[in-house]
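K.L.:
Mind having a look at this structure? Questions to follow.
The values are calculated or read from the model by the stated rules, or taken from the named source; none is laboratory data. Everything numeric in this text was worked out from a predicted model, so none of it was measured. Cβ placement follows ideal geometry from the backbone for every residue including glycine, while neighbour counts extend to all protein chains displayed. Calculation scope for accessible area: heavy atoms of the full protein, side chains included, ligands and nucleic acids excluded. Shrake-Rupley method; radii C 1.70, N 1.55, O 1.52, S 1.80 Å.
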Amino acid sequence: MSAGGTGTAPVLLERREGDTAIITLNRPTKGNALDHELISALEEFAARLQASVDDPPHAVVLMGAGDRAFSAGADIHNLVGLDEKSATDQMLRGQAVFGMLEDAPQVVIAAVNGVALGGGLELAMACDIRIAAPHARLGQPEITLGNLPGWGGTQRLPRLIGEGRALELILTGEPIGASEAHRLGLVNQVADDPVSAAIALAQRITAHSAFAVARAKKAVYAGMRDGIRAGLEIEAALVGECAVSPEQRAAVQAFFDRKKSTTTNKEPT
Ligand SMILES: CCCCCCCCCCCCC[C@H](O)CC(=O)SCCNC(=O)CCNC(=O)[C@H](O)C(C)(C)COP(=O)(O)OP(=O)(O)OC[C@H]1O[C@@H](n2cnc3c(N)ncnc32)[C@H](O)[C@@H]1OP(=O)(O)O
């Protein structure tokens, strides 16, 4: 993965557990803050998810190095000295990289093993599913820096927890704990070991057709983006693609074979 400058550790680490790629944001002394180098490394990884590479992962687990931070957000040093256009351009770039993860054909699960603040929470929300450690704290503190979330937080947070609760978090800048995040639906689970829980969930998903998983993700996001009417049409079209897939054919045959073998087992002795 991307080297961390002259001889330093790579800012993004990748390892595999079966079909699952485990990606680690690797700037632990800086709260795994997202600087240019780390955003570029995420971009390169996300691009590989879409490419037809050998032995692609069927799931992704994203975590932060250490146990204090998933990510403390954009590297605040990079906020200094930006003119309006470059600030806007960098928002758009980060949004595009996060969108590549959301559009990946694989399920992407954020193991929130510490704070997820600002761009760190926005990155976690661009993942499909979030599993948080009990000590995790999640928030959008941008208002405390005189700004607002710029990498999708104003769009994804309301869709996950409702406008009122999203505005409370964005306008106060105050973080919430893992159990409150779970109560609000911002995270799917709270687990003592969120990385292991994420890998276990990934394996439950990779047991199914990758072809269907990709299309189920696409259908869900289509409706959230384009409205229910468009979403229903896209859903129907994607079901059609699966209906003629070898994966569905094999899965349905396996169901009938299982019924046959169950019937055989029931014959009188
Ligand atoms: C498209 C490419 C652009 C890539 C770069 C970005 C360019 C500009 C574009 C910005 C887009 C922004 C979009 C986003 O919505 C906005 C943000 O994310 S703003 C940042 C929001 N995050 C925060 O405000 C959190 C700030 N940090 C903290 O509150 C605390 O550090 C903590 C996380 C609660 C941890 O506290 P402690 O345990 O006490 O530890 P320290 O505070 O001592 O931190 C340890 C160490 O890490 C450094 N650090 C922590 N957070 C950041 C950070 N966000 N950026 C940079 N560095 C950070 C901290 O300075 C310490 O380092 P040290 O001082 O020891 O060198």
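K.L.:
Let me spell it out: the conditions are (1) crowded, with 16+ Cβ neighbours inside 10 Å; (2) over 19 Å from M224 (Cβ atoms), and E174 meets all of them except one. Which number is the exception?
P.N.:
Exception for E174: condition (1).
K.L.:
OK, next. Within the stretch 140-159, can one find any residue that is surrounded by 19 or more Cβ atoms within 10 Å (Cβ to Cβ), closer than 17 Å to A46 by Cβ and free of Cβ contacts under 8 Å to residues at least 40 places away in the same chain?
P.N.:
yes
Here is a yes/no grid of residues against (1) in a helix (DSSP H, G or I); (2) open to solvent by 60 Å² or more (accessible area, probe 1.4 Å); (3) within 20 Å of F98 (Cβ to Cβ); (4) among the hydrophobic types (A, V, I, L, M, F, W, C):
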residue	(1), (2), (3), (4)
R183	yes, yes, no, no
Q203	yes, yes, no, no
R215	yes, no, no, no
M224	yes, yes, yes, yes
I234	yes, no, no, yes
L238	yes, no, no, yes
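K.L.:
Here's something else I'd like to know. Within the stretch 160-175, is there a residue that is closer than 23 Å to P28 by Cβ and modelled with pLDDT of 95 or more?
P.N.:
Yes: one or more hits.
K.L.:
Out of the stretch 116-129, which residues are of a type in the set (D, E, K, R) and open to solvent by less than 10 Å² (accessible area, probe 1.4 Å)?
P.N.:
Residue satisfying the conditions is E122 alone.
K.L.:
Kindly establish whether D226 is away from the ligand (no atom under 14 Å from the Cβ), free of Cβ contacts under 8 Å to residues at least 24 places away in the same chain and over 14 Å from the mean Cα position of the chain (by Cα).
P.N.:
yes
K.L.:
Can you confirm whether L79 is open to solvent by 70 Å² or more (accessible area, probe 1.4 Å), aliphatic (A, V, I, L, M) and within 11 Å of the ligand (Cβ to nearest atom)?
P.N.:
Yes, satisfied.
K.L.:
Identify the residue in the stretch 136-172 that is more than 8 Å from the ligand (Cβ to nearest atom) and of a type in the set (D, E) and, among all such residues, is farthest from the chain's Cα centre (by Cα).
P.N.:
E168
K.L.:
To continue, here is another question. What's the number of the only condition in (1) under 18 Å from I131 (Cα atoms); (2) among the hydrophobic types (A, V, I, L, M, F, W, C); (3) near the ligand (Cβ under 9 Å from one of its atoms) that M63 fails to meet?
P.N.:
(3)
K.L.:
List the residue pairs whose Cβ atoms are under 7 Å apart, where the first residue sits in the stretch 32-45 and is in contact (Cβ under 8 Å) with a residue 12 or more places away in the chain, the second is near the ligand (Cβ under 8 Å from one of its atoms) and among the β-branched types (V, I, T), and the two are 6 or more positions apart or on different chains.
P.N.:
Filtered contacts from the stretch 32-45: I39/V97; L42/V97; E43/V97.
K.L.:
Taking the stretch 103-124 on its own, how many of its residues are under 17 Å from L25 (Cα atoms) and more than 11 Å from the ligand (Cβ to nearest atom)?
P.N.:
7
K.L.:
Now, a different point. Which residue pairs have Cβ atoms under 8 Å apart, sit 6 or more places apart or on different chains, and have a first residue in the stretch 6-30 that is assigned by TED's automatic domain parsing to the domain that holds V53 and among the aliphatic types (A, V, I, L, M) and a second that is open to solvent by 40 Å² or more (accessible area, probe 1.4 Å) and in a strand (DSSP E or B)?
P.N.:
Listed by first residue and then by second, the contacts come to A21/E14; A21/R15; I22/E14; I22/R15; I22/R16; I23/L13; I23/E14.
K.L.:
Go through the stretch 92-143 and give me each residue that's assigned to a loop (DSSP other than H, G, I, E, B) and either within 27 Å of F211 (Cβ to Cβ) or outside the structural domain of T172 (by TED's automatic domain parsing) (or both).
P.N.:
D103, A104, P105, Q106, C127, D128
K.L.:
Quick check on the stretch 82-91. Is at least one of its residues open to solvent by 10 Å² or more (accessible area, probe 1.4 Å), assigned to a loop (DSSP other than H, G, I, E, B), under 21 Å from P28 (Cβ atoms) and not β-branched (V, I, T)?
P.N.:
no
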